[in-house]
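Novice: Okay, here's the structure, questions in a sec.
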């Protein structure tokens with residue numbers, strides 16, 4: 001795993017699924033409840049694997065159950081214990097034509113329920129995203145490497161970005 005800070009963005013190069021899960025785990029451990037994490041990127045780049053890591057870091061009951069909610073729109077992964085773990089609401093906007101498609105899952109009611117909100121294919125519902133959102137874009141590189149670019153909009157997301165940067169920097173030290 002390689003990390004680079006480029007201006008107000010954190011760029012993470014992952015060469016395997018374990019690295020992607022480690023990035024997600026750092027996010028899950030540092031994210032506060034009601035944090036919105038918006039993911040976009042190439043098909044198959046690993047957005048769901050990133051959420052699997054997010055679940056591990058957040059302390060959900062069974063991270064092996066993480067799957068793409070493409071057809072159901074929303075998967076809920078409950079916290080292992082209320083003390084330090086965080087529930088995850090995992091949404092997928094791939095099949096959403098416009099923002100009204102999230103009405104069926106009660107989008108506005110998801111906030112305030114002590115959970116992290118992770119949205120795949122977030123560009124489909126960008127107008128619905130809260131002002132304070134962490135954006136993650138994934139893309140394929142040569143040799144099956146993946147590049148994850150994280151950028152923050154809002155003070156909570158900026159703090160999360162900084163915490164992830166510190167966690168990954170300490171993780172990648174020899």
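Novice: If you stretched the chain out fully between residue 70 and residue 131, how much longer would it get, using 0.36 nm times the residue separation minus the C-alpha to C-alpha distance?
Specialist: The residue 70-residue 131 span can extend by a further 19.5 nm.
Novice: Summing -39500 (n - 2.57) over the DSSP H runs of n ≥ 4 in the chain and dividing by its residue number, what mean residue ellipticity at 222 nm do you reach, to the nearest 500 deg cm²/dmol?
Specialist: Computed mean residue ellipticity for the chain: -8500 deg cm²/dmol.
Novice: Pop the C-beta distance of residue 170 and residue 16 into the FRET formula with R0 = 25 Å and round what comes out to the nearest 0.05.
Specialist: Rounded to the nearest 0.05, the efficiency is 0.80.
Novice: Looking only at the chain, where both bridge partners belong to it, what percent of the DSSP beta bridges are antiparallel (to the nearest 5)?
Specialist: In the chain, DSSP labels about 60 percent of beta bridges as antiparallel.
Novice: When the Debye formula is applied to the Cα atoms of the stretch 41-174, each taken as the same point scatterer, what base-10 log of I(q)/I(0) results at q = 0.14, 0.20, 0.21, 0.22 Å⁻¹?
Specialist: Rounded to two decimals, the profile gives -0.68, -1.44, -1.57, -1.67.
Novice: Just to be sure I understand the model, the point goes 7 Å from the Cα along the line to the Cβ. What's the resulting residue 4 to residue 105 distance in nm?
Specialist: Between residue 4 and residue 105, the label points sit 3.3 nm apart.
Novice: Follow-up question, since we're still on this one. Send over the semi-axes of the stretch 82-151's equivalent ellipsoid, whole angstrom and largest first, taken as the square roots of 5 times the C-alpha gyration tensor eigenvalues.
Specialist: Values for the stretch 82-151, descending: 24, 18, 11 Å.
Bear in mind these aren't lab numbers, they're just calculated from the coordinates by the rules spelled out. As the structure is a prediction and not an experimental result, all values here were calculated from the model. Positions of Cβ are generated from backbone atoms using ideal geometry, with glycine treated the same way; all protein chains shown enter the neighbour counts.
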